[in-house]
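The values are calculated or read from the model by the stated rules, or taken from the named source; none is laboratory data. Remember, it's a predicted structure, so these values are computed and weren't measured experimentally. Here the Cβ is made from the backbone with ideal geometry for all residues, glycine too, and neighbour counts use every protein chain on show. Heavy atoms of the whole protein, side chains included, go into the accessibility calculation; ligands, DNA and RNA do not. Shrake-Rupley method; radii C 1.70, N 1.55, O 1.52, S 1.80 Å.
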Amino acid sequence: RRRASMACLHCRKSRIRCKVEQGFTSCTPCRQSGVTCAFDARDGRKNRANSKAVANELKDRIRHLEGLLRQSSSEQITNEAFGVEERSQQPQFDSPNLSESDSGSQFTLTYDEEPPPYADTTQTIASAQTQSQRREEQNRSMPAKLIPHPVKFDMSAGRVRFFGPTTNMHILSRPASDASRSPGPFWPISTLVQNFSPAAHDYLIDLFFDCHNSALHIVHKWAFFDDLKSDGTQFYSNFLHMAILAEGYRYSDKRREDMRRLAAPKETTDSSIFHTKAKKMVEQELINPGGIPSIQAFFLLADLEVGVGRDDTGWMFAGMSFRLLYDVGLHVDPSELRLTDREVQIRHMVLWACIMNDVRYWALYLGRPTMLKSSDIAPTCLEKDFDRLIESQTRTYAYEKTIETRVYEALLQLMDLLEPLCQTPSMNKNARPSDAYLRIATLDRTLNDWYADLPEQLRWTEDTIRTAPSSFFLLHTQYHTALILIHRTFPNQTQNQTPSSHSGLTDLSTLSRNVCINNAIRISDIVSSYRMRHPLQRIFVTGLQHVGTAATALMAEISMLQGERDRPQRERLLDCLSGLSENMKTMSETYQPAKLMASVVS
(Lines give C-alpha, C1' and ligand atoms only; values in the text may rest on other atoms or scores of the structure.)
Protein backbone atom coordinates (compact mmCIF):
# COMPACT_ATOMS: atom_id res chain seq x y z
CA ARG A 1 0.00 0.00 0.00
CA ARG A 2 1.06 3.58 -0.55
CA ARG A 3 -0.11 6.87 0.80
CA ALA A 4 -1.68 9.27 -1.71
CA SER A 5 0.18 12.49 -2.41
CA MET A 6 -3.10 14.31 -1.81
CA ALA A 7 -6.55 13.52 -0.44
CA CYS A 8 -9.53 12.99 -2.68
CA LEU A 9 -12.50 15.30 -2.52
CA HIS A 10 -14.60 12.92 -0.38
CA CYS A 11 -11.85 12.31 2.18
CA ARG A 12 -10.94 15.98 2.27
CA LYS A 13 -14.55 16.92 2.95
CA SER A 14 -14.93 14.22 5.61
CA ARG A 15 -11.51 15.06 7.11
CA ILE A 16 -10.41 11.41 7.16
CA ARG A 17 -7.26 9.68 6.05
CA CYS A 18 -7.17 8.95 2.33
CA LYS A 19 -5.43 5.61 1.53
CA VAL A 20 -5.12 4.01 -1.91
CA GLU A 21 -4.15 0.35 -1.83
CA GLN A 22 -1.98 -1.20 -4.49
CA GLY A 23 -3.96 -2.40 -7.47
CA PHE A 24 -6.88 0.00 -6.87
CA THR A 25 -7.57 3.37 -8.46
CA SER A 26 -9.85 4.60 -5.68
CA CYS A 27 -9.10 5.02 -2.02
CA THR A 28 -10.31 2.62 0.66
CA PRO A 29 -12.85 5.01 2.32
CA CYS A 30 -14.51 5.73 -1.04
CA ARG A 31 -14.77 2.06 -1.93
CA GLN A 32 -16.26 1.28 1.45
CA SER A 33 -18.75 4.15 1.14
CA GLY A 34 -19.59 3.42 -2.48
CA VAL A 35 -18.85 6.95 -3.70
CA THR A 36 -16.78 8.10 -6.61
CA CYS A 37 -13.16 8.79 -5.69
CA ALA A 38 -12.28 12.06 -7.47
CA PHE A 39 -9.34 14.40 -7.22
CA ASP A 40 -9.27 18.15 -7.92
CA ALA A 41 -7.00 18.60 -10.92
CA ARG A 42 -6.60 22.30 -10.14
CA ASP A 43 -4.83 21.67 -6.84
CA GLY A 44 -1.40 23.21 -7.04
CA ARG A 45 0.20 20.42 -5.04
CA LYS A 46 -0.46 17.82 -7.72
CA ASN A 47 2.14 19.30 -10.11
CA ARG A 48 4.13 21.59 -7.85
CA ALA A 49 6.82 23.46 -9.76
CA ASN A 50 10.35 23.87 -8.50
CA SER A 51 10.59 27.03 -6.37
CA LYS A 52 13.94 28.02 -7.86
CA ALA A 53 12.58 27.71 -11.37
CA VAL A 54 9.58 29.84 -10.44
CA ALA A 55 11.87 32.51 -8.95
CA ASN A 56 14.04 32.60 -12.08
CA GLU A 57 10.96 32.86 -14.26
CA LEU A 58 9.67 35.77 -12.20
CA LYS A 59 13.04 37.53 -12.44
CA ASP A 60 13.04 37.17 -16.23
CA ARG A 61 9.50 38.49 -16.35
CA ILE A 62 10.47 41.52 -14.22
CA ARG A 63 13.45 42.31 -16.47
CA HIS A 64 11.22 42.09 -19.52
CA LEU A 65 8.62 44.42 -18.00
CA GLU A 66 11.29 46.91 -16.90
CA GLY A 67 12.66 46.99 -20.43
CA LEU A 68 9.19 47.65 -21.83
CA LEU A 69 8.69 50.43 -19.25
CA ARG A 70 11.95 52.16 -20.18
CA GLN A 71 11.14 51.87 -23.88
CA SER A 72 7.64 53.22 -23.31
CA SER A 73 8.98 56.16 -21.27
CA SER A 74 11.50 57.08 -23.95
CA GLU A 75 8.87 56.93 -26.69
CA GLN A 76 6.47 59.03 -24.64
CA ILE A 77 9.08 61.76 -24.08
CA THR A 78 9.87 61.84 -27.80
CA ASN A 79 6.21 61.88 -28.81
CA GLU A 80 5.37 64.71 -26.42
CA ALA A 81 8.30 66.74 -27.69
CA PHE A 82 7.50 66.51 -31.40
CA GLY A 83 3.70 66.34 -31.21
CA VAL A 84 3.46 62.73 -32.37
CA GLU A 85 0.17 61.11 -31.41
CA GLU A 86 0.32 58.25 -28.99
CA ARG A 87 -1.18 55.01 -30.22
CA SER A 88 -4.34 53.88 -28.58
CA GLN A 89 -3.92 51.30 -25.88
CA GLN A 90 -7.33 49.76 -26.63
CA PRO A 91 -7.60 46.36 -28.42
CA GLN A 92 -7.15 46.80 -32.18
CA PHE A 93 -9.95 45.54 -34.39
CA ASP A 94 -10.36 45.68 -38.15
CA SER A 95 -10.51 49.37 -38.98
CA PRO A 96 -13.86 50.42 -40.38
CA ASN A 97 -14.18 52.66 -43.44
CA LEU A 98 -15.65 56.02 -42.47
CA SER A 99 -17.23 58.08 -45.24
CA GLU A 100 -18.70 61.50 -44.51
CA SER A 101 -22.17 62.17 -45.87
CA ASP A 102 -23.15 65.22 -47.91
CA SER A 103 -24.56 67.02 -44.89
CA GLY A 104 -21.18 66.83 -43.18
CA SER A 105 -22.77 66.07 -39.84
CA GLN A 106 -23.27 62.27 -40.01
CA PHE A 107 -20.96 59.35 -40.64
CA THR A 108 -21.82 56.13 -42.52
CA LEU A 109 -20.07 53.10 -41.05
CA THR A 110 -19.13 50.19 -43.35
CA TYR A 111 -16.89 47.22 -42.63
CA ASP A 112 -14.65 45.43 -45.09
CA GLU A 113 -15.84 42.23 -43.48
CA GLU A 114 -18.94 41.29 -41.55
CA PRO A 115 -19.03 43.33 -38.35
CA PRO A 116 -18.21 41.38 -35.22
CA PRO A 117 -21.14 40.40 -33.04
CA TYR A 118 -19.95 42.65 -30.20
CA ALA A 119 -19.71 45.80 -32.31
CA ASP A 120 -22.18 48.45 -31.27
CA THR A 121 -22.81 50.92 -34.06
CA THR A 122 -23.80 53.84 -31.82
CA GLN A 123 -20.76 53.50 -29.58
CA THR A 124 -18.42 53.14 -32.56
CA ILE A 125 -19.75 56.31 -34.18
CA ALA A 126 -19.32 58.24 -30.93
CA SER A 127 -15.81 56.85 -30.54
CA ALA A 128 -14.94 57.86 -34.10
CA GLN A 129 -16.22 61.38 -33.53
CA THR A 130 -14.25 61.66 -30.27
CA GLN A 131 -11.04 60.47 -31.96
CA SER A 132 -11.55 62.92 -34.80
CA GLN A 133 -12.05 65.81 -32.39
CA ARG A 134 -9.00 64.74 -30.43
CA ARG A 135 -6.88 64.74 -33.59
CA GLU A 136 -8.08 68.23 -34.48
CA GLU A 137 -7.29 69.53 -30.99
CA GLN A 138 -3.84 67.95 -31.11
CA ASN A 139 -3.15 69.54 -34.47
CA ARG A 140 -4.25 72.94 -33.18
CA SER A 141 -2.05 72.55 -30.05
CA MET A 142 1.04 71.39 -31.95
CA PRO A 143 3.20 74.36 -30.77
CA ALA A 144 2.24 73.69 -27.16
CA LYS A 145 3.34 70.07 -27.49
CA LEU A 146 6.77 71.17 -28.60
CA ILE A 147 7.25 72.90 -25.22
CA PRO A 148 8.28 70.36 -22.58
CA HIS A 149 6.87 70.19 -19.09
CA PRO A 150 9.16 72.20 -16.79
CA VAL A 151 10.05 69.23 -14.59
CA LYS A 152 10.55 65.74 -16.01
CA PHE A 153 12.17 62.50 -14.94
CA ASP A 154 15.43 62.26 -16.84
CA MET A 155 16.11 58.62 -17.68
CA SER A 156 19.81 59.28 -18.27
CA ALA A 157 20.35 60.91 -14.87
CA GLY A 158 17.86 58.77 -12.97
CA ARG A 159 16.24 61.74 -11.25
CA VAL A 160 13.83 64.64 -11.70
CA ARG A 161 15.27 67.58 -13.66
CA PHE A 162 14.08 71.02 -14.76
CA PHE A 163 13.86 71.89 -18.49
CA GLY A 164 13.00 75.41 -19.63
CA PRO A 165 10.65 76.21 -22.52
CA THR A 166 13.46 76.83 -25.05
CA THR A 167 15.41 73.61 -24.57
CA ASN A 168 15.52 70.33 -26.45
CA MET A 169 17.81 68.67 -23.94
CA HIS A 170 14.94 66.65 -22.51
CA ILE A 171 15.05 64.50 -25.69
CA LEU A 172 18.77 64.81 -26.45
CA SER A 173 19.94 63.52 -23.07
CA ARG A 174 22.15 60.48 -22.88
CA PRO A 175 20.54 57.03 -22.86
CA ALA A 176 19.86 55.35 -19.57
CA SER A 177 22.43 52.66 -20.38
CA ASP A 178 25.32 55.12 -20.16
CA ALA A 179 27.54 53.61 -17.46
CA SER A 180 29.19 56.93 -16.63
CA ARG A 181 25.84 58.36 -15.57
CA SER A 182 24.78 55.50 -13.34
CA PRO A 183 25.06 56.15 -9.61
CA GLY A 184 28.16 54.71 -8.03
CA PRO A 185 28.09 52.10 -5.30
CA PHE A 186 27.47 53.11 -1.74
CA TRP A 187 30.25 52.26 0.65
CA PRO A 188 29.93 52.20 4.42
CA ILE A 189 31.68 55.22 5.88
CA SER A 190 33.74 52.91 8.08
CA THR A 191 35.39 51.52 4.94
CA LEU A 192 36.19 55.01 3.63
CA VAL A 193 37.70 56.30 6.90
CA GLN A 194 40.15 54.25 8.92
CA ASN A 195 40.03 54.06 12.73
CA PHE A 196 36.53 55.51 12.77
CA SER A 197 34.43 54.02 15.54
CA PRO A 198 30.61 53.99 15.58
CA ALA A 199 30.66 56.09 18.75
CA ALA A 200 32.74 58.79 17.05
CA HIS A 201 30.42 58.66 14.02
CA ASP A 202 27.30 59.20 16.14
CA TYR A 203 29.06 61.98 18.07
CA LEU A 204 29.82 63.94 14.90
CA ILE A 205 26.37 63.35 13.42
CA ASP A 206 24.71 64.68 16.58
CA LEU A 207 26.98 67.74 16.57
CA PHE A 208 25.98 68.55 13.02
CA PHE A 209 22.26 68.42 13.68
CA ASP A 210 22.53 70.19 17.05
CA CYS A 211 24.95 72.99 16.13
CA HIS A 212 24.66 73.50 12.38
CA ASN A 213 21.37 72.14 11.08
CA SER A 214 19.40 73.71 13.92
CA ALA A 215 20.58 77.17 12.84
CA LEU A 216 20.17 76.63 9.10
CA HIS A 217 17.81 73.81 8.11
CA ILE A 218 19.43 72.11 5.13
CA VAL A 219 19.21 68.33 5.80
CA HIS A 220 16.08 66.47 6.85
CA LYS A 221 17.37 64.18 9.60
CA TRP A 222 15.02 61.24 9.27
CA ALA A 223 14.89 61.26 5.47
CA PHE A 224 18.68 61.07 5.52
CA PHE A 225 18.72 58.16 7.97
CA ASP A 226 15.92 56.30 6.20
CA ASP A 227 17.77 56.34 2.87
CA LEU A 228 21.02 55.44 4.65
CA LYS A 229 19.45 52.28 6.05
CA SER A 230 17.63 51.31 2.86
CA ASP A 231 20.40 52.25 0.38
CA GLY A 232 18.17 54.97 -1.03
CA THR A 233 19.48 57.73 -3.27
CA GLN A 234 16.80 60.40 -3.03
CA PHE A 235 18.07 62.01 0.18
CA TYR A 236 21.38 60.24 0.82
CA SER A 237 24.80 59.95 -0.79
CA ASN A 238 28.32 59.21 0.41
CA PHE A 239 29.27 62.75 -0.62
CA LEU A 240 26.60 64.27 1.61
CA HIS A 241 27.45 61.90 4.47
CA MET A 242 31.12 62.89 4.32
CA ALA A 243 30.25 66.61 4.26
CA ILE A 244 27.99 66.20 7.29
CA LEU A 245 30.77 64.47 9.23
CA ALA A 246 33.17 67.27 8.26
CA GLU A 247 30.73 69.87 9.58
CA GLY A 248 30.25 67.89 12.77
CA TYR A 249 34.01 67.71 13.27
CA ARG A 250 34.17 71.50 13.14
CA TYR A 251 32.18 71.68 16.40
CA SER A 252 33.86 68.70 18.09
CA ASP A 253 36.15 68.66 21.09
CA LYS A 254 39.60 68.48 19.47
CA ARG A 255 41.13 67.27 22.75
CA ARG A 256 39.45 63.87 22.45
CA GLU A 257 41.74 61.08 21.34
CA ASP A 258 39.37 59.81 18.65
CA MET A 259 39.00 63.34 17.28
CA ARG A 260 42.77 63.88 17.12
CA ARG A 261 43.04 60.82 14.89
CA LEU A 262 40.53 62.38 12.47
CA ALA A 263 42.36 65.68 12.08
CA ALA A 264 43.65 66.61 8.64
CA PRO A 265 47.37 66.17 7.88
CA LYS A 266 49.53 69.16 8.68
CA GLU A 267 50.48 69.66 5.02
CA THR A 268 46.87 70.55 4.22
CA THR A 269 44.71 73.40 5.45
CA ASP A 270 41.54 71.33 5.56
CA SER A 271 39.69 71.05 8.85
CA SER A 272 39.59 67.22 8.94
CA ILE A 273 40.09 64.10 6.86
CA PHE A 274 36.35 64.21 6.15
CA HIS A 275 36.84 67.64 4.58
CA THR A 276 39.67 66.31 2.42
CA LYS A 277 37.75 63.22 1.30
CA ALA A 278 34.64 65.28 0.55
CA LYS A 279 36.65 67.47 -1.83
CA LYS A 280 38.02 64.36 -3.55
CA MET A 281 34.45 63.21 -4.16
CA VAL A 282 33.63 66.40 -6.04
CA GLU A 283 35.06 65.08 -9.32
CA GLN A 284 32.75 62.06 -9.34
CA GLU A 285 29.84 64.25 -8.26
CA LEU A 286 30.40 66.57 -11.22
CA ILE A 287 30.23 63.57 -13.57
CA ASN A 288 27.01 62.29 -12.05
CA PRO A 289 25.16 64.88 -9.89
CA GLY A 290 22.77 63.26 -7.47
CA GLY A 291 19.96 65.79 -7.13
CA ILE A 292 19.06 67.10 -3.68
CA PRO A 293 21.95 65.32 -1.85
CA SER A 294 24.40 67.02 -4.22
CA ILE A 295 22.85 70.43 -3.51
CA GLN A 296 23.18 69.85 0.21
CA ALA A 297 26.74 68.50 -0.02
CA PHE A 298 28.05 71.39 -2.15
CA PHE A 299 26.23 73.75 0.23
CA LEU A 300 28.08 72.30 3.24
CA LEU A 301 31.39 72.06 1.40
CA ALA A 302 31.22 75.78 0.57
CA ASP A 303 30.68 76.52 4.26
CA LEU A 304 33.67 74.34 5.15
CA GLU A 305 35.91 76.24 2.73
CA VAL A 306 34.89 79.55 4.26
CA GLY A 307 35.69 78.17 7.71
CA VAL A 308 39.33 77.58 6.70
CA GLY A 309 39.70 80.97 5.03
CA ARG A 310 39.16 80.00 1.37
CA ASP A 311 36.11 82.13 0.65
CA ASP A 312 36.88 82.17 -3.11
CA THR A 313 36.67 78.37 -3.30
CA GLY A 314 33.58 78.41 -1.12
CA TRP A 315 31.98 80.90 -3.49
CA MET A 316 32.49 78.46 -6.38
CA PHE A 317 31.05 75.49 -4.47
CA ALA A 318 28.06 77.61 -3.44
CA GLY A 319 27.52 78.49 -7.10
CA MET A 320 27.43 74.78 -7.95
CA SER A 321 24.80 74.27 -5.28
CA PHE A 322 22.65 77.09 -6.68
CA ARG A 323 23.01 75.82 -10.25
CA LEU A 324 21.88 72.36 -9.20
CA LEU A 325 18.92 73.94 -7.43
CA TYR A 326 17.60 75.09 -10.79
CA ASP A 327 18.54 71.82 -12.47
CA VAL A 328 16.52 69.81 -9.94
CA GLY A 329 13.63 72.27 -10.24
CA LEU A 330 13.30 73.31 -6.61
CA HIS A 331 12.11 76.73 -7.82
CA VAL A 332 9.10 75.24 -9.65
CA ASP A 333 5.66 74.79 -8.14
CA PRO A 334 5.69 71.16 -6.94
CA SER A 335 1.92 70.70 -7.06
CA GLU A 336 2.11 69.01 -10.49
CA LEU A 337 4.97 66.65 -9.63
CA ARG A 338 2.88 64.07 -7.73
CA LEU A 339 5.21 64.13 -4.75
CA THR A 340 4.47 63.11 -1.20
CA ASP A 341 4.04 65.76 1.50
CA ARG A 342 7.42 64.85 2.93
CA GLU A 343 9.17 65.28 -0.42
CA VAL A 344 7.51 68.64 -1.02
CA GLN A 345 8.52 69.85 2.45
CA ILE A 346 12.13 68.77 1.96
CA ARG A 347 12.35 70.54 -1.40
CA HIS A 348 10.89 73.63 0.24
CA MET A 349 13.40 73.41 3.11
CA VAL A 350 16.44 73.05 0.83
CA LEU A 351 15.28 75.94 -1.37
CA TRP A 352 14.99 78.33 1.59
CA ALA A 353 18.34 77.21 2.99
CA CYS A 354 19.95 78.10 -0.34
CA ILE A 355 18.20 81.47 -0.40
CA MET A 356 19.46 82.15 3.12
CA ASN A 357 22.94 81.06 2.11
CA ASP A 358 22.89 83.32 -0.93
CA VAL A 359 21.73 86.41 0.97
CA ARG A 360 23.19 85.95 4.44
CA TYR A 361 26.54 84.41 3.55
CA TRP A 362 27.63 85.77 0.23
CA ALA A 363 25.66 88.93 -0.40
CA LEU A 364 26.35 90.31 3.09
CA TYR A 365 29.63 88.56 3.91
CA LEU A 366 31.37 89.32 0.60
CA GLY A 367 29.17 92.20 -0.56
CA ARG A 368 28.30 90.45 -3.82
CA PRO A 369 24.98 90.44 -5.71
CA THR A 370 22.55 87.63 -5.04
CA MET A 371 22.28 84.71 -7.44
CA LEU A 372 18.81 83.46 -6.50
CA LYS A 373 16.22 86.01 -7.58
CA SER A 374 12.69 85.90 -6.21
CA SER A 375 11.38 86.62 -9.71
CA ASP A 376 12.74 83.21 -10.83
CA ILE A 377 11.01 81.28 -8.04
CA ALA A 378 7.36 80.25 -7.95
CA PRO A 379 5.38 82.19 -5.32
CA THR A 380 4.16 78.94 -3.74
CA CYS A 381 7.79 78.05 -2.98
CA LEU A 382 8.39 81.26 -1.01
CA GLU A 383 6.11 80.49 1.91
CA LYS A 384 7.89 80.71 5.26
CA ASP A 385 5.74 78.26 7.21
CA PHE A 386 7.68 75.25 8.49
CA ASP A 387 4.85 73.86 10.59
CA ARG A 388 5.29 70.23 9.52
CA LEU A 389 8.87 70.34 8.36
CA ILE A 390 10.75 69.66 11.57
CA GLU A 391 10.03 66.31 13.20
CA SER A 392 10.61 65.55 16.82
CA GLN A 393 13.16 63.01 18.06
CA THR A 394 10.38 60.39 18.14
CA ARG A 395 9.83 60.79 14.38
CA THR A 396 6.32 62.18 14.88
CA TYR A 397 5.23 65.61 13.80
CA ALA A 398 4.97 68.02 16.70
CA TYR A 399 1.63 69.71 17.24
CA GLU A 400 3.40 72.91 18.30
CA LYS A 401 6.38 74.50 16.63
CA THR A 402 9.64 74.23 18.48
CA ILE A 403 11.52 77.35 19.52
CA GLU A 404 14.23 76.56 16.94
CA THR A 405 11.65 76.50 14.15
CA ARG A 406 10.11 79.78 15.28
CA VAL A 407 13.55 81.39 15.38
CA TYR A 408 14.27 80.11 11.89
CA GLU A 409 11.01 81.47 10.50
CA ALA A 410 11.70 84.87 12.07
CA LEU A 411 15.20 84.82 10.59
CA LEU A 412 13.76 84.10 7.13
CA GLN A 413 11.52 87.13 7.44
CA LEU A 414 14.45 89.29 8.54
CA MET A 415 16.68 88.19 5.67
CA ASP A 416 13.85 88.80 3.24
CA LEU A 417 13.75 92.42 4.45
CA LEU A 418 17.52 92.74 4.00
CA GLU A 419 17.53 91.92 0.30
CA PRO A 420 17.56 95.65 -0.68
CA LEU A 421 20.62 96.09 1.55
CA CYS A 422 22.77 94.27 -1.01
CA GLN A 423 21.78 96.90 -3.60
CA THR A 424 22.19 99.95 -1.33
CA PRO A 425 25.84 100.78 -2.16
CA SER A 426 25.23 100.86 -5.91
CA MET A 427 21.99 102.77 -5.43
CA ASN A 428 23.68 105.45 -3.30
CA LYS A 429 26.82 105.81 -5.40
CA ASN A 430 25.51 108.60 -7.59
CA ALA A 431 22.57 109.65 -5.46
CA ARG A 432 22.35 112.78 -3.33
CA PRO A 433 23.09 112.26 0.38
CA SER A 434 19.58 113.32 1.32
CA ASP A 435 18.05 110.69 -0.98
CA ALA A 436 20.49 108.07 0.29
CA TYR A 437 19.57 108.78 3.89
CA LEU A 438 15.87 108.61 3.02
CA ARG A 439 16.37 105.05 1.71
CA ILE A 440 18.40 104.19 4.81
CA ALA A 441 15.73 105.60 7.13
CA THR A 442 12.99 103.66 5.32
CA LEU A 443 14.84 100.37 5.69
CA ASP A 444 15.68 101.23 9.30
CA ARG A 445 12.02 101.72 10.15
CA THR A 446 11.10 98.44 8.42
CA LEU A 447 13.61 96.53 10.54
CA ASN A 448 12.48 98.25 13.73
CA ASP A 449 8.87 97.32 12.97
CA TRP A 450 9.89 93.70 12.45
CA TYR A 451 11.77 93.69 15.76
CA ALA A 452 8.83 95.22 17.62
CA ASP A 453 6.44 92.61 16.19
CA LEU A 454 8.45 89.60 17.36
CA PRO A 455 6.38 87.12 19.41
CA GLU A 456 6.85 87.13 23.14
CA GLN A 457 9.03 84.02 23.24
CA LEU A 458 11.46 85.53 20.72
CA ARG A 459 11.96 88.86 22.46
CA TRP A 460 15.08 89.65 24.47
CA THR A 461 14.04 89.29 28.09
CA GLU A 462 15.60 87.68 31.15
CA ASP A 463 13.10 84.84 30.99
CA THR A 464 13.63 84.01 27.33
CA ILE A 465 17.43 84.12 27.32
CA ARG A 466 17.58 81.75 30.29
CA THR A 467 16.41 78.75 28.21
CA ALA A 468 16.92 80.04 24.66
CA PRO A 469 18.80 77.95 22.06
CA SER A 470 21.95 79.24 20.42
CA SER A 471 20.08 80.31 17.28
CA PHE A 472 18.01 82.73 19.40
CA PHE A 473 21.11 84.81 20.19
CA LEU A 474 22.18 84.84 16.55
CA LEU A 475 18.74 86.10 15.53
CA HIS A 476 19.25 89.22 17.67
CA THR A 477 22.88 89.76 16.64
CA GLN A 478 21.78 89.50 13.01
CA TYR A 479 19.25 92.27 13.57
CA HIS A 480 21.82 94.61 15.15
CA THR A 481 24.41 93.73 12.49
CA ALA A 482 21.91 94.66 9.78
CA LEU A 483 21.39 98.10 11.34
CA ILE A 484 25.15 98.68 11.36
CA LEU A 485 25.46 97.66 7.73
CA ILE A 486 22.65 100.02 6.79
CA HIS A 487 23.94 103.11 8.60
CA ARG A 488 27.69 102.77 8.21
CA THR A 489 27.47 103.77 4.52
CA PHE A 490 26.05 107.22 5.26
CA PRO A 491 28.91 108.90 7.17
CA ASN A 492 31.02 108.60 4.01
CA GLN A 493 28.44 110.54 2.03
CA THR A 494 29.43 113.85 3.63
CA GLN A 495 33.14 113.73 2.84
CA ASN A 496 32.95 115.07 -0.72
CA GLN A 497 30.24 117.67 -0.17
CA THR A 498 30.56 121.44 -0.31
CA PRO A 499 30.68 123.29 3.06
CA SER A 500 27.13 124.57 2.72
CA SER A 501 25.64 121.16 1.96
CA HIS A 502 27.98 119.46 4.42
CA SER A 503 26.66 121.47 7.36
CA GLY A 504 23.10 120.47 6.55
CA LEU A 505 23.96 116.77 6.70
CA THR A 506 26.06 116.80 9.87
CA ASP A 507 23.12 115.88 12.08
CA LEU A 508 22.16 112.97 9.82
CA SER A 509 25.72 111.68 9.86
CA THR A 510 25.84 111.91 13.63
CA LEU A 511 22.62 109.92 13.88
CA SER A 512 24.06 107.15 11.72
CA ARG A 513 27.25 107.06 13.77
CA ASN A 514 25.27 106.71 16.97
CA VAL A 515 23.19 103.89 15.50
CA CYS A 516 26.36 102.01 14.50
CA ILE A 517 27.98 102.42 17.92
CA ASN A 518 24.89 101.51 19.95
CA ASN A 519 24.27 98.36 17.94
CA ALA A 520 27.94 97.35 18.08
CA ILE A 521 27.83 97.58 21.88
CA ARG A 522 24.60 95.59 21.86
CA ILE A 523 26.23 92.83 19.82
CA SER A 524 29.09 92.68 22.32
CA ASP A 525 26.62 92.26 25.18
CA ILE A 526 24.64 89.53 23.37
CA VAL A 527 27.80 87.55 22.56
CA SER A 528 28.80 87.75 26.21
CA SER A 529 25.39 86.36 27.19
CA TYR A 530 25.79 83.63 24.59
CA ARG A 531 29.16 82.67 26.06
CA MET A 532 27.63 82.25 29.51
CA ARG A 533 25.09 79.69 28.25
CA HIS A 534 26.66 77.98 25.21
CA PRO A 535 30.22 77.09 24.16
CA LEU A 536 31.50 79.85 21.92
CA GLN A 537 33.50 77.28 19.95
CA ARG A 538 30.21 75.88 18.65
CA ILE A 539 28.70 79.14 17.50
CA PHE A 540 27.31 79.14 13.98
CA VAL A 541 29.51 80.66 11.29
CA THR A 542 27.38 83.79 10.95
CA GLY A 543 28.33 84.76 14.50
CA LEU A 544 31.83 85.44 13.20
CA GLN A 545 30.46 87.99 10.73
CA HIS A 546 28.39 89.66 13.44
CA VAL A 547 31.38 90.03 15.76
CA GLY A 548 33.57 91.30 12.92
CA THR A 549 30.99 93.92 11.88
CA ALA A 550 30.67 95.18 15.46
CA ALA A 551 34.47 95.36 15.87
CA THR A 552 34.81 97.34 12.62
CA ALA A 553 32.23 99.87 13.77
CA LEU A 554 33.94 100.28 17.14
CA MET A 555 37.39 100.76 15.61
CA ALA A 556 36.05 103.38 13.19
CA GLU A 557 34.48 105.34 16.03
CA ILE A 558 37.52 105.04 18.30
CA SER A 559 39.74 106.48 15.57
CA MET A 560 37.50 109.57 15.49
CA LEU A 561 37.55 110.14 19.26
CA GLN A 562 40.86 111.92 19.78
CA GLY A 563 39.87 114.80 22.09
CA GLU A 564 40.22 114.94 25.84
CA ARG A 565 36.47 115.24 26.25
CA ASP A 566 36.01 111.96 24.37
CA ARG A 567 38.23 109.92 26.71
CA PRO A 568 35.38 108.29 28.76
CA GLN A 569 33.57 107.22 25.61
CA ARG A 570 36.82 106.04 24.07
CA GLU A 571 37.68 103.88 27.08
CA ARG A 572 34.21 102.38 27.10
CA LEU A 573 34.47 101.45 23.44
CA LEU A 574 37.96 100.02 23.97
CA ASP A 575 36.57 97.73 26.68
CA CYS A 576 33.89 96.45 24.27
CA LEU A 577 36.48 96.00 21.55
CA SER A 578 38.73 94.05 23.93
CA GLY A 579 35.84 91.73 24.78
CA LEU A 580 35.14 91.14 21.11
CA SER A 581 38.82 90.38 20.54
CA GLU A 582 38.76 87.70 23.23
CA ASN A 583 35.65 86.20 21.67
CA MET A 584 37.39 86.09 18.29
CA LYS A 585 40.31 84.21 19.80
CA THR A 586 37.91 81.64 21.19
CA MET A 587 36.16 81.33 17.83
CA SER A 588 39.53 80.79 16.13
CA GLU A 589 39.51 77.24 17.52
CA THR A 590 36.68 76.57 15.08
CA TYR A 591 37.10 79.18 12.32
CA GLN A 592 40.49 80.08 10.89
CA PRO A 593 39.47 83.61 9.75
CA ALA A 594 38.74 84.51 13.39
CA LYS A 595 42.46 84.22 14.16
CA LEU A 596 43.30 86.86 11.56
CA MET A 597 40.45 89.09 12.72
CA ALA A 598 41.65 88.88 16.33
CA SER A 599 45.20 89.84 15.33
CA VAL A 600 43.89 92.90 13.47
CA VAL A 601 41.74 94.04 16.40
CA SER A 602 44.53 93.49 18.91
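Per-structure values
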quantity	calculated
Dimensions (Å) - the range 188-249, Cα atoms, principal axes, largest first	30, 25, 16
For S272, residues with placed amide H under 5 Å, excluding near neighbours	A264
Too-long pairs where the Cα-Cα distance tops 23 Å, listed order kept, from K254/K585; K221/K585; K266/K595	K221/K585
Average accessible area per residue (Å²) across the range 228-382 - probe 1.4 Å, nucleic acids and ligands excluded	41
Equivalent-ellipsoid semi-axes of the range 244-301, from the Cα gyration tensor, Å, largest first	24, 13, 7
Carbon plus sulfur fraction of accessible area for the range 203-327, probe 1.4 Å, in percent	53
Potential lengthening between E21 and N518 on full extension [0.36 nm per residue; Cα-Cα distance subtracted]	168.2 nm
Inter-part distance where the range 197-236 and the range 533-560 are each reduced to a Cα centre, Å	30
Packing-based order for 317-326, 201-210, 59-68, using average beta carbon neighbours within 10 Å, highest first	317-326, 201-210, 59-68
Length released on extending from D566 to S14, taking residue separation times 0.36 nm less the Cα-Cα span	187.5 nm
Heavy-atom accessible area order for I273, I539, largest first, 1.4 Å probe	I273, I539
For K19, distant residues with modelled amide H under 5 Å away	T28
Among 520-532, 276-288, 347-359, 20-32, the order from most to least packed when residues are scored by Cβ within 10 Å on average	347-359, 520-532, 276-288, 20-32
Heavy-atom accessible area ranking, 1.4 Å probe, most first, across K254, K266, K221, K13	K266, K13, K254, K221
GluC sites (Glu not before Pro) within the range 215-275: DSSP coil, no more than 10 neighbouring Cβ in 10 Å	E267
